[in-house]
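Data block below; observations after.
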């Protein structure tokens, strides 16, 4: 099967023009099929502040009201997505920018109030129901590199703000029947750390057995647990491997020489 | 050959939620392959005003500086494009939103100062060089309806603000080898008028011979001349017919029962 890399980058890369440029050069050089999923960044927050749109936070969670949805659609699907696409084109990488609404690539539903048992109405936030993997696989086979903005739709005309990690995971799962998929989550740290304060203490490989041990020893705890649970869920759905590490290390991450690689066993 | 309708709508439709909704319902119902090209609208101007970005006008022409480019990319490629796509999806029309940068669909170059002999530097404005008709034809044959925002790129990483009429024309020309193309320019009037003050005096059909006569008689003058010159240039490049009329009359325009149809002879 053809190799496919699905790579999610966060705001720390998007907000830094030089970092983004360096990352895109490395991304464009990846061999095989590839998909980039980008999150937001500070630009949406800044634009909201300039426009006087109050960011609603309920118990520390951002609520997507109608005005915020408009802003994230402009910033994520417009400014960020199209600038990444244009930069990749300049690097000889035939990029195509998409939201979940485009070609009905990712259909979602508006998260119901209390869907997470926390009683919070997140507003125009989407939970993904389906991926049109045939459509996406066809574009990849035509040599297109897909660049996803974290926006989906409900099929009834409503756009929905959607977590970029979730989009990357759903796409990776959806395409795992057609490709041998590596799913890369890039974040601020060098990988899953043995010692949270030491960025050089990366655990290079985690499988189910070692994951159980690391949880027991409380080396892995708090926010890292849902991330790894998601990684194993992706593996259960056919994704070949999940890699967690720094975007700056992209080639080494894919080569298994940096970051944490999570595998079934 | 398959039929293809390439339809350009202007700001008067985009700025009016109810009009846009009604238009999209008619658009979704068109038989055969179809492409929608949308222009801007007042939203970009409003956003620029709110953000305190001065709109530069030189001799009545808007200049696209870096800040304005950012705004039109957000509004055209983000907000307007994705909302149209989501609304079409709700109507059962499998829409896919694109800029010229996406898949390198339309490559352009930055208009040089004095390119038009008027000594004006238009800023980040693109003149189209090429259309990837193979890519677009492939998407159409897969049943996708394409929705273009008026943004292109130069292949060197620069996005460019580009006239929507020109984009519609270049796409229509580029696809005329693969499809029998009808190019529709929708605007505020019911068509080319015999009497500029009487919206019911639509000239239903114009060919080269009648165009020459109408110019001689000064029935067609001023701003209408470049529009019609462009229409004949499109016909010369293989477009089947060009139709000018009101977006509200879309089904009748395509049926030749409203608007002005421009044909070779």
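The values are calculated or read from the model by the stated rules, or taken from the named source; none is laboratory data. Note that the structure is predicted; figures quoted are calculated from it, not measured. Heads up, the Cβs are rebuilt from the backbone with ideal geometry, glycines too, and the neighbour counts pull from every protein chain shown.
Below, the figures for the structure above:
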read-out: Residues of region A:251-265 satisfying the condition of being touching a helix residue (DSSP H, G or I) at 6+ places or on another chain (Cβ under 8 Å) and surrounded by 15 or more Cβ atoms within 10 Å (Cβ to Cβ); value: A:258, A:259, A:262, A:263
read-out: Unique match (being under 29 Å from residue B:34 (Cβ atoms) and at pLDDT below 95) among B:179, B:187; value: B:187
read-out: Scan of region B:160-173 for residues that are farther than 14 Å from residue B:243 by Cα, crowded, with 21+ Cβ neighbours inside 10 Å and under 14 Å from the mean Cα position of the chain (by Cα), ordered by number; value: B:161, B:162, B:164, B:167, B:170, B:171, B:173
read-out: Matching residues in region B:108-149 - criterion: being part of a loop (DSSP other than H, G, I, E, B), farther than 27 Å from residue B:1 by Cβ and either free of Cβ contacts under 8 Å to residues at least 24 places away in the same chain or more than 12 Å from chain A (Cβ to nearest Cβ) (or both); value: B:111, B:112, B:113, B:114, B:115, B:116, B:117, B:118, B:119, B:120, B:121, B:122
read-out: Given (1) within 14 Å of chain A (Cβ to nearest Cβ); (2) under 30 Å from residue A:132 (Cα atoms); (3) touching a strand residue (DSSP E or B) at 6+ places or on another chain (Cβ under 8 Å), index of the condition residue B:172 fails; value: (1)
read-out: Those residues of region A:69-106 which are part of a loop (DSSP other than H, G, I, E, B), within 7 Å of chain B (Cβ to nearest Cβ) and crowded, with 24+ Cβ neighbours inside 10 Å, in sequence order; value: A:99, A:101
read-out: Output for region B:203-239, where each listed residue is over 21 Å from the mean Cα position of the chain (by Cα) and not in a loop (DSSP other than H, G, I, E, B); value: B:208, B:209, B:210, B:211, B:212, B:213, B:214, B:215, B:216
read-out: Some residue of region A:175-184 being surrounded by fewer than 14 Cβ atoms within 10 Å (Cβ to Cβ), away from chain B (no Cβ under 14 Å) and touching a residue at least 24 places away in the same chain (Cβ under 8 Å); value: yes
read-out: Test set (1) over 26 Å from residue B:31 (Cβ atoms); (2) assigned to a loop (DSSP other than H, G, I, E, B) - residue B:257 fails condition number; value: (1)
read-out: Set B:126, B:157: member being surrounded by fewer than 20 Cβ atoms within 10 Å (Cβ to Cβ) and at pLDDT 95 or above; value: B:157
read-out: Region A:219-250: number of residues that are surrounded by 13 or more Cβ atoms within 10 Å (Cβ to Cβ) and within 18 Å of residue A:181 (Cβ to Cβ); value: 18
read-out: Test result for residue B:27, part of a helix (DSSP H, G or I), more than 12 Å from chain A (Cβ to nearest Cβ) and in contact with a helix residue (DSSP H, G or I) (Cβ under 9 Å, 6 or more places away or on another chain); value: yes
read-out: Filter pass, residue B:135 being buried (at least 24 other Cβ atoms within 10 Å of the Cβ) and either closer than 30 Å to residue A:24 by Cβ or modelled with pLDDT of 95 or more (or both); value: no
read-out: Given (1) within 11 Å of chain A (Cβ to nearest Cβ); (2) touching a helix residue (DSSP H, G or I) at 6+ places or on another chain (Cβ under 7 Å), number of the condition residue B:55 does not satisfy; value: (1)
read-out: Of the criteria (1) closer than 23 Å to residue B:40 by Cβ; (2) in contact with a strand residue (DSSP E or B) (Cβ under 8 Å, 6 or more places away or on another chain); (3) not in a loop (DSSP other than H, G, I, E, B), which one residue B:249 fails; value: (2)
read-out: Qualifying residue in region A:197-204 (condition: within 28 Å of residue A:31 (Cα to Cα), touching a strand residue (DSSP E or B) at 6+ places or on another chain (Cβ under 8 Å), loosely packed, with under 15 Cβ neighbours inside 10 Å and modelled with pLDDT of 95 or more); value: yes
read-out: Residue match in region A:47-60 (condition: buried (at least 16 other Cβ atoms within 10 Å of the Cβ) and closer than 26 Å to residue B:145 by Cβ); value: no
read-out: Lone qualifier among A:35, A:30, A:14 - being surrounded by 18 or more Cβ atoms within 10 Å (Cβ to Cβ), under 21 Å from residue A:144 (Cα atoms) and under 17 Å from the mean Cα position of the chain (by Cα); value: A:35
